[in-house]
Amino acid sequence: MSVSTSVPDKGVAVVTVDHPPVNALPAQGWFDLADAVRAAGRDPGTRCVVLTAEGRGFNAGVDIKELRRDSGHDALIGANRGCSAAFSAVYDCEVPVVAAVQGFCLGGGIGLVGNADAIVASEDATFGLPELDRGALGAATHLARLVPQHLMRALYYTSRTVTAAELHAHGSVWRVVPRAELREAALELAREIARKDGTLLRFAKASINGIDPVDVHRSYRFEQGFTFEANLSGLADRIREDFGTQGEGRA
C-alpha cells in the first residue's frame, strides 16, 4: 500500500494512491489517504491538490478480502471510519481538490470524486456504486453530487456504471481526455487554480462548502448506519459469499 505526495509545480501537490491490483483499499489505506490529503491542504505553499492513482483504475472501493478475514466487526468499523475520514479530508481540504480518474471508479472511489472540487477523467473511465451487489450501502451522498436525483437512484438500485462522457454531459466532469493525457490535463487545471492568491482560495473553498445544500458528513454517516445493520443481520455476509472468489470488492 502506497500513498505518496509530490509537488510537480509551484502551488500544486499531487497525492497518488498505488495499491495493486485494483486500488481496493484496506482500512489503514483510507486513513493514510486522508492524512496525505489533509497534510497537502495544510501546507501554506499548496494552492491546489490533485488526487490521482496508479494502475488500471482509480479506485475499486473497500478491500472485501479484509472484511472476510475478520470474524467480528472490527474490519467493517475500520473501513467505515476510514472511508469517512478520506471522503471528509477531500471535502474539507483547505484548497481545491482536482480528481484525475482513469479506468474504474467504484464504491469508495465515488466518495472521493464526489467530494472533490473538480474531476478530469480519461476516456475509459467509468463510475458506479456496485454496493447492493457487494452486501453494502453508502456513497449515494456522493453519487448525488455527480448526477441528477432520479438517475442516481436508478444507478444505485441497478449497480450500473456511467461513463466519463456521460458525466461530462451532466456537467460534473470538467474534461474527458485520452488516458495518456490525463495527468497533464489535471495538472493544467490545477496550475490555473494555483495562480490565484492562496489565502483567497482558502476563503473561497470554505465559503463554497458553507453554502452547500447537503451536509455531506452527516448524510454519509447516516448511510453507513444501514451498512452496519446489514452486516449485523448477516445479510451482507450472505451477499458477499455470492461474490465468491472474485477478489477485490467494492463497498
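All of the numbers you see were taken from the coordinates with simple rules; none came from a lab. Since the model is a prediction, treat every value here as computed from it, not as a measurement. Please note: Cβ atoms are built from the backbone with ideal geometry, for glycine as well, and neighbour counts cover all protein chains shown.
Structure data summary
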read-out: Segment 96-113 residues that are without any contact (Cβ under 8 Å) to a residue 12 or more places away in the chain and closer than 22 Å to residue 40 by Cα, paired with ones that are small (Gly, Ala, Ser) and not in a strand (DSSP E or B) (beta carbon under 6 Å, 6 or more apart); value: none
read-out: Hits in segment 1-14 - residues which are in contact with a helix residue (DSSP H, G or I) (Cβ under 7 Å, 6 or more places away or on another chain) and part of a strand (DSSP E or B); value: 3, 5, 8, 9, 12, 13
read-out: Helices (runs of 4 or more DSSP H) (entirely within segment 141-206) containing at least 3 residues that are closer than 20 Å to residue 114 by Cβ and in contact with a strand residue (DSSP E or B) (Cβ under 6 Å, 6 or more places away or on another chain); value: 164-170, 182-194
read-out: Selection from segment 204-221 of residues that are closer than 13 Å to residue 88 by Cα and touching a helix residue (DSSP H, G or I) at 6+ places or on another chain (Cβ under 8 Å); value: 209, 216, 217, 219, 220, 221
read-out: Whichever residue in segment 86-108 is outside any strand (DSSP E or B) and touching a Phe, Trp or Tyr at 6+ places or on another chain (Cβ under 9 Å) and, among such residues, is surrounded by the most Cβ atoms within 10 Å (Cβ to Cβ); value: 108
read-out: Selected residue (criterion: nearest to residue 196 (Cα to Cα)) from residues of segment 15-43 that are part of a strand (DSSP E or B) and free of Cβ contacts under 8 Å to residues at least 60 places away in the same chain; value: 15
